[in-house]
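Report on the following structure.
No lab work stands behind these numbers, since they all come straight from the coordinates. None of the values given here were measured: they were computed from a predicted structure. Every residue, glycine as well, gets a Cβ built from its backbone with ideal geometry; the counts of neighbours run over all protein chains shown.
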Amino acid sequence: MPVSTHLGSQLVDLCSVLLLLCCFAIVAQRRLSACVDLFALQSAFLAATAALVAFLTGHRHIYFAAALTVVIKVIVLPRILRKVIERLNVSRELGMNVNIPAGLLICGALVIVAFFITQPIIPLGYLLTRDSLAIALAIILIGFFTMIARQKAITQMVGFLVMENGVFLGATAAAYGMPLIVELGVFFDVLVAGLIVGIYTHRLQDAFDSVDTSTLTVLKE
Amino acid sequence: MWSVIVLLTGPVIAGLLSLVIRRARVLHGVNFLTMLALAVAETALTRQVLAEGSVTTLGAFVYVDALSDFILVIITAIGLSCSLYMWSYMDDQVARGVIAPKRLGLFFFLFHMFLFAMVAATMANSLGVQWVALEGTTLATTFLIAFFRKRESLEAGWKYLILCSVGIALALFGVVLTYYSSVRVLGDASSALNMTALIGVANQLDPNVLKLAFIFILVGYGTKVGLVPMHTWLPDAYSEAPAPIAAMLAGVLETVAVYTVLRSKALVDQALPPEFSGNLLLTFGLLSFIVASLFILIQHNYKRLFAYSSIEHMGLAMIGFGVGGLVGTFGGLFHLLNHALAKALAFFVAGNIHRRFDTLEIDGVRGLARAQPITAVAILVAGCALVGLPPFSPFVSELLVVSAVAAQDFASDTMQVGRFVTMTISDEMRSLGIITVFLFFGVVLFGGFMYRIGAMVWGTPPAGIAQGEPWTVGHVPLMVMIVALLGLGFVLPEPIRTLLTRAVNVILVR
């Protein structure tokens, strides 16, 4: 191994932090197309992290997962989402359940919570990717929060994909990637979910003249 | 071996065929024959499991033991009756112009993909593959729920897709954490998520990691089970889905989701004291039971009424599993079967009523006994079974769960309140408290439920509603289920009893 473990773990940490930074940027962004771009950027960082871990540990199958990430999450899914946005003629999110400054503060708190929760299990991890597990949980929580805070169908989907990115980072960090068959299945599910959301927004637009999920209030007690 | 292959490939082949077949009669025929083939294969598989204990095949991808086989029995039994019911239901909807004839093929394609995903989730050896299949059920059913393409059904489908996807993403993190703990012990092998490998080394896994993993898995898969407070999608989805799909969602999908939780519970209980997972299940179960019984009181839509009853029954089963032990676990598992039968019957009935009265409002339905006599009998049976009246089988399983709660031995807890007051809660006190709450809300539920159903059955039908009910093929499953609910209330056939006992041993790892 040409790179020392210390330097390696610093690099992995750096990449994970960049992913987290993208999360904050998504929370702070009102323009839908920018949210999608940020998601694509985050996925690119994720692929870089995975490739780095693969290089440092010599686990070949992580390269494969990184390549799939590039194809599906950096290229295909953002393209689908951008098409949906173009077709729908919505560019900005006007009403939010939580405003941006408050949202950012909550996200900061979520990061602390994530580090707190993972405290007891971090020492078990590989030296190389130890802190990434906490960051992965933070990304999952922030993705979750985005889905709650936003009303547009597209941003809710972006929130879901961010959660998925967090889980993937967690798998790479905690266990150097899941078994290949599982990873393939997860990618397949995410891709199909993206396609379904694309079709759905189209139908919602037809039925409600809007993709604002706050108009979905017919069904209640 | 062949039975496993039939169970896995049958739905896929039937689904693909459905896309190319145009004629409705052929579609129904293919659907029914597939379900019949699955039922035959499942019978053979059960025989093999009873003889050999467990079946591992297809390169250790498939693992079927008594527990998963029991779930497969529920899937195929409800699936078979569903295929008969759909024959008359879907034809009727096409004739009424609710769905275009050419969309029938798409319906069956999605239905079979849904079925395939559930069978795969139950048979999967790897917890990861199980997750992939369970997410597959979400993706396959979201368009089935929104199949009528009304505004309400689109809304229900969207909520279902988003909430269940989020839930299941959390569960995936739980699976990742399980893997995190197991690669320590098993090494970086692709089999490190297989149940066959995990259960053997479960006591060496790190308890802290498993604790966190179980919480994520319970919350994640609990969303699909419909446990309170993750249940909000469920009444919307069940009330808007076509009746046979609602029956499959309530009877089968919930059961499969409970199964995935049980798998993790069996694992976690090896590394941690069983009280940890037990108390979590007990809390979620009681909460679901209480909240659902209160919501039943204010329902004016009969499909939503049945949906809340599902939440309540899943809560009840969870209480059984939470208390654990032989009796509680047996009662919980038996209750899954009884609930699947009763709830499928209830939604079939709801489909019949909806087609005749054209409303989902309870107030709009009067005089069912005159308008649809067979359906009226069926809804009375379903209602009595769902509130747990004897002689129907849910009474037996509910009694088992209650007696398990009464007989459990919680450790006495001493609680320091403030500086000077020390409270000791003995185990009898706690059992008594849980049972009091349980029975009280049971009574609330009984009143709310039977009142609504009584209002629908008796009285004079509104003007303009046709009276009398011609016999169709869709009535066959109603009769079969009534007989099954009555029969299981009196005798438990030997194969099912053996299967259940072995399944209990799988959960308790004995």
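Quick look at the values:
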read-out: For segment A:34-40, 3J(HN,Hα) per residue [Karplus equation, 6.51 cos²θ - 1.76 cosθ + 1.60, θ = phi - 60°, Hz, x = Gly/Pro]; value: 5, 4, 5, 4, 5, 4, 4
read-out: Inter-chain Cβ neighbour average for residues A:185-197, partner chain, 10 Å; value: 5
read-out: Point-to-point label distance, residue A:218-residue B:275, nm (Cα→Cβ direction, 7 Å offset); value: 5.0 nm
read-out: Packing-based order for A:201-210, B:228-237, B:487-496, using average beta carbon neighbours within 10 Å, highest first; value: B:228-237, A:201-210, B:487-496
read-out: In nm, spacing of pseudo-spin labels at residue B:483 and residue B:363 (7 Å Cα→C-beta vector); value: 4.1 nm
read-out: Potential lengthening between residue B:203 and residue B:471 on full extension [0.36 nm per residue; Cα-Cα distance subtracted]; value: 90.8 nm
read-out: At R0 = 30 Å, FRET efficiency that the Cβ-Cβ distance of residue A:184 and residue B:33 yields, to 0.05; value: 0.40
read-out: Cα gyration tensor category, rounded, prolate or oblate, for segment A:58-130 with a/c compared to 1.5; value: oblate
read-out: Expected 222 nm ellipticity per residue - DSSP helices of 4 or more, -39500 (n - 2.57), all of the protein assembly as shown, to 500; value: -25500 deg cm²/dmol
read-out: Residue B:228 long-range amide H proximity, modeled H, under 5 Å; value: B:288
read-out: Cα-based convex hull, chain B, per residue volume (Å³, whole number); value: 141 Å³
read-out: Dipole of segment B:4-77, positive direction: furthest Cα of B:36, B:17, B:59, with charges on the beta-carbon; value: B:17
read-out: Per-residue ³J(HN,Hα) for segment A:70-87, Karplus 6.51 cos²θ - 1.76 cosθ + 1.60, θ = phi - 60°, Hz, x for Gly and Pro; value: 4, 5, 7, 8, 8, 9, 6, 4, x, 5, 4, 5, 4, 4, 4, 4, 4, 5
read-out: Per-residue ³J(HN,Hα) for segment A:97-107, Karplus 6.51 cos²θ - 1.76 cosθ + 1.60, θ = phi - 60°, Hz, x for Gly and Pro; value: 6, 10, 6, 5, x, 5, x, 5, 4, 4, 5
read-out: Dipole of segment B:2-508, positive end: most advanced residue of B:164, B:46, B:338 [Cβ charges, Cα centre]; value: B:164
read-out: Two-site FRET efficiency, residue B:188 against residue B:148, from Cβ-Cβ distance with R₀ of 45 Å, rounded to 0.05; value: 0.40
